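Note sheet for the following structure.
The values are calculated or read from the model by the stated rules, or taken from the named source; none is laboratory data. Fair warning: this is a prediction, and the values are worked out from it, not measured in the lab. Neighbour counts are summed over all protein chains in view; Cβ atoms, including those assigned to glycine, are modelled from backbone coordinates with ideal geometry. Ligands, DNA and RNA are excluded from the accessible area calculation, which covers all protein heavy atoms including side chains. Shrake-Rupley method; radii C 1.70, N 1.55, O 1.52, S 1.80 Å.
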Amino acid sequence: MNSLALDGSGKVVMDLCRLIPNDKYDVSVVSLTQEISLSKLPQWPNHIPVFFFDYFFDSNYSLRRYITLFFIRSITLSRGSEIIRCIEELKPDVLHCHLQPRELILALELKKRINVRLLFTDHLKRLECGKYSSLNLYGLAWTYRKIFSHFHIVAVSKSVQEYHIHFSLINKSMIHRLIENKIDTSYFLPGKKSGDSLRVIYVARLEARKGHKVLLKAWSKLGKPKCPVELQLLGDGDEAFIKELKSLVEPGRDQFPVRFVGSIQNVLPYLQAADIAVFPSFQEGLSISFLEKMSCALPVIASDIPELAQLISNMENGLLFRTGDSEDLCSKLELLINDRELREKLGGKARRFVMDHYDISNLKTEYEEVYKGILALP
């Protein structure tokens, strides 16, 4: 996996490690990012070993770079030689990858060296018409197709599954399943609010596609509140981008402070202390962070991208705003900031929706069926 930081893929890995019975499976985790203290990870199962590496991630995501890395695999393999040796020594029957497509090249090399079945859980719809030129779109699709053809694949949302089908990324001789992300609703419980001030929270990596600029522009437009209102941004990111975001925070608006909290291993106390959640993202799979907010009975204001709109019925269990529209987001923020009764209604229905449809109880069974299916193949 890319990282054990508690982003979406990291949380899926942690939940699977916690749920898969250790008397039936011998599980090890390999993280491509540097060591973190497992004691700081809530609910981490101590019986599962983790091997940490400080892998260099190439930040050039152009079509040319993808094709270069696909055909000249020595670039990727030289960076990941220690990782490959580690997994060779572990000798897994199934190598379950939560990686970017280019890092899957490491798994392809391992398939050459050891008798291992490859499984890839894809967390993101990576190709969209309008986002790339036709040449880049279908060039990337061709590259993904070549890589994905060696993997059994799990899609974490219907939109991810549909993009696999649309771009013919599925090898019909391999297993392809939809297993939607889920969360532990018995852990992500509502908290008690202080009542003397309001906290608005957004938990996401600080990067352009997550919509932080739209949020900060909306925040700068808010009118005078009835009580102090603070915006908390949880997550890490590129230093230059964080500096750019901080430059958007207008000075002299002390009644609307913005707090850059940074990377937090245990977000639960922050969610339970918050009153409103926002999610202005431009691109998602099925966001675990989003489900966690709903499970904590937070009224969520979300961009109306399909992946979030499938979870929110506007004015029923949350609010939707036009993606990228800071004016519309501002009006929705003001609505919730000034209406406690509406906050409580939306938050309560949000939690009930997640409990009914996205509780973690079925996750173990769904993945076990995939593992058994893979191992049963010749």
Does the stretch 142-160 contain any residue that is open to solvent by 50 Å² or more (accessible area, probe 1.4 Å) and within 11 Å of K125 (Cα to Cα)?
-> yes
Somewhere in the stretch 280-287, is a residue modelled with pLDDT of 90 or more and open to solvent by 10 Å² or more (accessible area, probe 1.4 Å)?
-> yes
The lone exception for S281 - which of (1) outside any helix (DSSP H, G or I); (2) among the polar types (S, T, N, Q); (3) under 30 Å from R117 (Cβ atoms) it fails | (3)
Residue satisfying all of: in the stretch 176-224; small (G, A, S) and surrounded by 21 or more Cβ atoms within 10 Å (Cβ to Cβ); farthest from F353 (Cα to Cα) among these = A218
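For residues in the stretch 83-107 being closer than 15 Å to F57 by Cα and not aliphatic (A, V, I, L, M), which is surrounded by the fewest Cβ atoms within 10 Å (Cβ to Cβ)?
Step one: of the stretch 83-107, the residues closer than 15 Å to F57 by Cα are 83, 98-106.
Among the residues that remain, those that are also not aliphatic (A, V, I, L, M) are: 98, 100-103.
On the way: H98: 25, Q100: 16, P101: 22, R102: 20, E103: 21.
Among those residues, the one meeting the criterion is Q100.
Just a yes or no: is a residue in the stretch 358-374 of a type in the set (K, R), closer than 28 Å to H212 by Cβ and in contact (Cβ under 8 Å) with a residue 12 or more places away in the chain? Break it down into steps so the answer makes sense when it comes.
Step one: filter the stretch 358-374 for residues of a type in the set (K, R), giving 364, 372.
Narrowing further to those that are closer than 28 Å to H212 by Cβ: none.
So far as the stretch 358-374 goes, no, none of its residues is of a type in the set (K, R), closer than 28 Å to H212 by Cβ and in contact (Cβ under 8 Å) with a residue 12 or more places away in the chain.
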Candidate set: the stretch 42-63, residues that are touching a helix residue (DSSP H, G or I) at 6+ places or on another chain (Cβ under 9 Å) and not in a loop (DSSP other than H, G, I, E, B); chosen: the one most open to solvent (accessible area, probe 1.4 Å) = F51
Can we say L245 is in a helix (DSSP H, G or I), out of contact with any Gly (no Cβ under 8 Å at 6 or more places or on another chain) and surrounded by 13 or more Cβ atoms within 10 Å (Cβ to Cβ)?
-> yes
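Which ranges mark the helices (runs of 4 or more DSSP H) fully within the stretch 305-378 that have 1 or more residues being closer than 27 Å to S186 by Cβ and among the charged types (D, E, K, R)? Don't jump to the end; show me each part of the working.
Details: elements: 306-309, 326-337, 340-357, 363-376.
Filter on the stretch 305-378 gives 306-309, 340-357, 363-376.
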Considering only the stretch 319-341, how many residues are open to solvent by 20 Å² or more (accessible area, probe 1.4 Å) and within 17 Å of C296 (Cα to Cα)?
-> 2
Pairs under 6 Å by beta carbon, first residue touching a residue at least 12 places away in the same chain (Cβ under 8 Å) and basic (K, R) in the stretch 205-233, partner part of a strand (DSSP E or B) and open to solvent by 10 Å² or more (accessible area, probe 1.4 Å), six or more apart or different chains?
-> R205/G237
K293 of a type outside the set (A, V, I, L, M) and open to solvent by 70 Å² or more (accessible area, probe 1.4 Å) = no
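If we only count strands (runs of 3 or more DSSP E) wholly inside the stretch 90-204, which ones have 1 or more residues that are at pLDDT 95 or above and more than 30 Å from N338 (Cα to Cα)? Spell out the reasoning first.
On the way: elements: 94-97, 117-122, 152-155, 176-178, 198-203.
Filter on the stretch 90-204 gives 94-97, 117-122, 152-155, 176-178.
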Could you please tell me which pairs satisfy a Cβ distance under 8 Å, a separation of 6+ or placement on different chains, a first residue in the stretch 250-278 that is within 13 Å of W219 (Cα to Cα), and a second residue that is at pLDDT below 95 and surrounded by fewer than 12 Cβ atoms within 10 Å (Cβ to Cβ)?
-> Q255/K224
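Considering only the stretch 333-342, I want to know if a residue exists there that is of a type in the set (V, I, T), at pLDDT below 90 and out of contact with any His (no Cβ under 7 Å at 6 or more places or on another chain).
If we filter the stretch 333-342 for residues that are of a type in the set (V, I, T), which is where we start, we get 337.
Keeping just the survivors that are at pLDDT below 90 gives none.
The answer is no, given that none of the residues of the stretch 333-342 is of a type in the set (V, I, T), at pLDDT below 90 and out of contact with any His (no Cβ under 7 Å at 6 or more places or on another chain).
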Top-ranked residue of the stretch 64-89 - restricted to ones that are over 24 Å from the mean Cα position of the chain (by Cα) and in a loop (DSSP other than H, G, I, E, B), ranked as farthest from L108 (Cα to Cα) = I72
Right, P228: at pLDDT below 90, exposed (fewer than 12 other Cβ atoms within 10 Å of the Cβ) and out of contact with any Phe, Trp or Tyr (no Cβ under 8 Å at 6 or more places or on another chain) or not?
-> no
